[in-house]
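Visitor: The structure is given below, and queries will be raised subsequently.
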Amino acid sequence: MGTIAFSSTSRSKAALTPITAGHPVARIEQNSPAHIAQEFFRFEIATATAGSILGINPFDQPDVEASKAKTRELSSAYERSGMPPEETPICSEG
């Protein structure tokens with residue numbers, strides 16, 4: 001079974017760059033090539049979860065197009081103002 005390592009060490013300088021830039025990095029190490037199916041499953045679940053939170057079906061082409069349109073809209077707003085648009089949280093404390 002594969003493991004996820006959260007660390008600041010890396011085998012290559014290119015992979016170390018995001019860590020030194022202050023971005024979190026998760027390095028997934030596989031013990032066997034046969035475990036790649038586990039990673040496909042992990043990312044299918046992650047994609048489904050993210051789609052649910054965003055209120056879209058990422059496995060349905062119309063929702064993929066809607067997601068692309070929303071991404072273009074957000075990118076354009078950022079390019080115009082230099083800041084992401086204000087958003088309403090989906091949940092809050094209290």
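Visitor: Given an 8 Å cut-off on Cα distances and at least 6 residues of separation, report the relative contact order of the stretch 19-94 as a percent.
Guide: On the way: 20 pairs, mean separation 7.8, N = 76.
Taking the mean separation of contacting Cα pairs over the length of the stretch 19-94, I get 10 percent.
Visitor: Now for a separate question. Fully extended, how many nm does the chain gain between Ser52 and Met83 (0.36 nm per residue separation, minus their Cα-Cα distance)?
Guide: Values: separation 31, 0.36 × 31 = 11.16 nm, distance 2.55 nm.
So the chain would gain 8.6 nm between Ser52 and Met83.
Just so you know, all these numbers are worked out from the coordinates, no wet-lab data involved. These numbers were taken from a predicted model, which means no experiment stands behind them.
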